[in-house]
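Beneath this line is the structure, given in structure tokens, with notes to follow.
Any read-out appearing in this document is the output of simple, stated calculations on the displayed coordinates, not a laboratory observation. Since we're looking at a predicted model, the values are computed, not measured. As a convention, Cβ positions derive from the backbone with ideal geometry for all residues, glycine included, and neighbour counts pool all protein chains shown.
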Amino acid sequence: MGVQISPSILSADFARLSEDIAAVGQDADWVHVDVMDNHFVPNLTLGLPVVESILKTSPLPVDCHLMINDPDRWAPAYAEAGAASVTFHVEAAHAPIRLARALRAAGARAGMALKPATPVEPYVDLLPELDMVLLMTVEPGFGGQAFLDVVLPKVRRARQMVRDGEHRIWVQVDGGVDADTIGRCAEAGADVFVAGSAVYGADDAAGAVRALRNAAELATQSAWWVS
Ligand code: DX5
Ligand code: ZN
């Protein structure tokens, strides 16, 4: 599949979401939608009704990142609404295997997210149930935070697990990904890159997406995990 860029609308203008999504519609692979419930994270964004409206007009498939408690209860509705990818946090899930199966049964790719301090090794046996692992490279909750380099060894280990198991799973990074940090993520093993402020904080959002893709592709060419 190669490098994929998923701009996060957390840094877009919430009163102009369809325009801001259309602005990257020719250049991005996904639109990343951050759902926050003010319980799992100390911030509140948007929920299912807004996602349903985005789905009606978005030229890009929707990559839902649910930073919410009890995703077992709430996440399947995002898949049923038509989100092409739905990612829940493993720290919040009660039955992650059952939930991942429910997401796939509803037609979505199933993603599992880990906060920076959550180890990936305990979940090696869950990989066949998943389509994507999201490794947070900031503490979830806010855009514009500084990238946490300490997560890079985990990105590497996650990619190694995916390779060892010959799984067809994407490794996504989210948080502080910009033109400076994206190469390190790609080298370590990421192939799906979320960027909020680096895209919507730029004067030319589409140009920023292209620049991120170029930097990621360059770093991927010589990465250890690409054979
Ligand atoms: C943060 C969100 C991110 C956020 C990233 O918890 O999950 O998707 O938009 O923003 P930047 O790219 O600005 O760090
Ligand atoms: Zn996110």
- line: Within segment 127-149, the residues that are out of contact with any Pro (no Cβ under 6 Å at 6 or more places or on another chain) and either of a type in the set (A, V, I, L, M) or closer than 20 Å to Ala95 by Cβ (or both) are Leu127, Pro128, Glu129, Leu130, Asp131, Met132, Val133, Leu134, Leu135, Val138, Ala146
task: Please work out if Ile21 is buried (at least 19 other Cβ atoms within 10 Å of the Cβ), of a type outside the set (D, E, K, R) and out of contact with any Gly (no Cβ under 9 Å at 6 or more places or on another chain).
output: yes
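Conditions (1) within 11 Å of ligand 1 (Cβ to nearest atom); (2) in a loop (DSSP other than H, G, I, E, B); (3) of a type in the set (S, T, N, Q); (4) closer than 21 Å to Gly175 by Cβ, marked per residue:
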residue	(1), (2), (3), (4)
Ile5	no, no, no, yes
Ser18	no, no, yes, no
Val35	yes, no, no, yes
His39	no, yes, no, yes
Pro42	yes, yes, no, yes
Lys56	no, no, no, no
Asp72	no, no, no, no
Glu80	no, no, no, no
message: When you scan segment 49-59, do you find a residue that is closer than 23 Å to Leu130 by Cα, touching a helix residue (DSSP H, G or I) at 6+ places or on another chain (Cβ under 7 Å) and hydrophobic (A, V, I, L, M, F, W, C), even just one?
response: yes
message: I'd like to know if segment 168-183 contains one or more residues that are within 14 Å of ligand 1 (Cβ to nearest atom), of a type outside the set (Gly, Ala, Ser) and surrounded by fewer than 19 Cβ atoms within 10 Å (Cβ to Cβ).
response: yes
